[in-house]
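K.L.:
Provided herewith is a single structure, encoded as C-alpha cells, for subsequent inquiry.
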Amino acid sequence: MSVIESPEIAAVMRRIGWAKARDFDTYSNLISDSPHFRGIGSDIHEFWDSAEKFLTVRRIQAEELTGQGFPQAEATIERLEAFEQGDVGWASMLLTIRTPDGDVSLRVTAVLVLDSGVWRVVQWHNSVPSPNVETFGIELTTTLDELLDSVAGDADAMGTLEASEGTMTLVFTDIVDSTVMAERIGDEAWVALVHLHESDIRRSTARHGGTVVKMLGDGSMLAFTSARAAVRAALELLDTTQGNGYEIRIGIHAGEVVRQEEDLLGITVNKAARIASVAGAGQVLTSALVAELIGSIEGVVIGTPMNVSLRGLSGTHALVPVESDKPQT
C-alpha cells in the first residue's frame, strides 16, 4: 500500500486550528480517545499521556488566552503537508502566531488514525524553534545547503589569492535528522556523538588515503585522489555510523576543483553537496561519472541509475546508488 498526499488530513489540520479558538467541542471530536494517545506541547512540562488530560489542559489554556485578549484567530499557516497510508496518516505544519509581543513561529506534527470514517489525532507535538547554538552551545549544520553556502562564500572571497587546479573525488556526509536526534538524546550525549562521528570520519578518511577538507557540525567534506578509495571510505563510514545508532547520507562526485589554501572550490564541490542532499538515510549516492570511474569493484554493488534534479543545477543528473555486498547485521 503506497503513501499518498492527503488533502483530507490537511483539511482536518486546518479545522483543528480553527476549532480550538472557536468551537472546542469540534476540536475535541478530532482528538482520538485511544489509550495510546500522546500529546507534547512547546512548554517543558507539557507532556500528556491521555486525550482527557490533553483536552482538559488545552481547554483551560484557551480560556486563559481569551481572557488575556490573545488573538488566537490570527495564526497563519505558512506550510502544511499531509500524507496517508491505509488507516494511518501524518502531517506537519509551520505556523506564525501573532501575539501582543510580536509574531511567534510554531511547528506542529501530528499522527492521525481513521476512526469510524473520521481522521482523528492520536499524537500531537508542538515546538517553538530555537537556534541550536542556544540549546547546545555550539553551531550545528542544519542542512547541506549551509555547508555548500560556506563553500560558495569562500569562493566569493577568493579574489586574487593564489590558487591551483586539479581533479579530485569529493565526498559529502550529513547526519540524518540531526536536530531531532539532538533534542531526543540531550546536550551532553549529542556533543559526545558529534565528537565520535568526527573521529569515525577522520579514521575512515585517513585509512583510505583521503583528506578531511572541513567539518561543520554534523556535516563534512572529504577529498580523495581515487574514486575507488572514496567509495570504499564512504561505505566503511556508513557501516560504522549505523553500528553507533544513527544514520548518515553521503554524496560523491568527481571532477576539477580549485585548491585555495586548505579549501576546495568549484562546480564539482557544488554538485557533490547537492548529491548528498538528495541521498536517502543510510545511502551512498554517486554521480554517474564516479560509478563509471570505479567500474567493477570488489565488495561493492552498483545500483540502478536514476535521473534526478539537483537544486541550483540545470537539467537532470544521472545518479547511482552504491552499497556494500556484505550482509546487513
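K.L.:
Taking region 283-310 as the region of interest, how many residues are under 24 Å from the mean Cα position of the chain (by Cα) and either within 11 Å of Gly251 (Cα to Cα) or part of a strand (DSSP E or B) (or both)?
P.N.:
9
K.L.:
When Ala157 is evaluated against the numbered criteria (1) of a type in the set (Gly, Ala, Ser); (2) open to solvent by 50 Å² or more (accessible area, probe 1.4 Å); (3) modelled with pLDDT of 65 or more, which criterion, by number, is the only one it fails?
P.N.:
Just one mismatch for Ala157, condition (3).
K.L.:
Which numbered condition in (1) surrounded by fewer than 24 Cβ atoms within 10 Å (Cβ to Cβ); (2) in a helix (DSSP H, G or I) is the only one that Lys214 fails?
P.N.:
(2)
K.L.:
Going residue by residue through region 175-188, is there one that turns out to be within 24 Å of the chain's Cα centre (by Cα), modelled with pLDDT of 85 or more and crowded, with 17+ Cβ neighbours inside 10 Å?
P.N.:
yes
K.L.:
Against the condition open to solvent by 10 Å² or more (accessible area, probe 1.4 Å), in contact with a Lys or Arg (Cβ under 8 Å, 6 or more places away or on another chain) and not in a helix (DSSP H, G or I), how does Gly255 come out, does it pass?
P.N.:
Values: open to solvent by 10 Å² or more (accessible area, probe 1.4 Å): yes; in contact with a Lys or Arg (Cβ under 8 Å, 6 or more places away or on another chain): yes; not in a helix (DSSP H, G or I): yes.
The answer is yes for Gly255.
K.L.:
Going by the conditions given, is Lys326 part of a loop (DSSP other than H, G, I, E, B) and either surrounded by 18 or more Cβ atoms within 10 Å (Cβ to Cβ) or basic (Lys, Arg) (or both)?
P.N.:
Values: part of a loop (DSSP other than H, G, I, E, B): yes; either surrounded by 18 or more Cβ atoms within 10 Å (Cβ to Cβ) or basic (Lys, Arg) (or both): yes.
Yes; evaluated as a whole, the condition is true for this residue.
K.L.:
A follow-up question, please. Among (1) modelled with pLDDT of 90 or more; (2) touching a His at 6+ places or on another chain (Cβ under 9 Å), which single condition is His253 missing?
P.N.:
(2)
K.L.:
Would you confirm whether any residue within region 70-87 is assigned to a loop (DSSP other than H, G, I, E, B) and closer than 17 Å to Pro7 by Cα? Steps first, answer last, please.
P.N.:
Residues of region 70-87 that are assigned to a loop (DSSP other than H, G, I, E, B), as a first pass: 70-71, 86-87.
Then keep just the ones that are closer than 17 Å to Pro7 by Cα; that gives 86-87.
So far as region 70-87 goes, yes, one or more of its residues are assigned to a loop (DSSP other than H, G, I, E, B) and closer than 17 Å to Pro7 by Cα.
The values are calculated or read from the model by the stated rules, or taken from the named source; none is laboratory data. Model, not experiment: these values are computed from the prediction. A quick note on method: Cβ atoms are made from the backbone with ideal geometry, for glycine too, and the neighbour counts reach across all protein chains shown. Quick note on the areas: whole protein, heavy atoms, side chains included, nothing else; ligands and nucleic acids left out. Shrake-Rupley method; radii C 1.70, N 1.55, O 1.52, S 1.80 Å.
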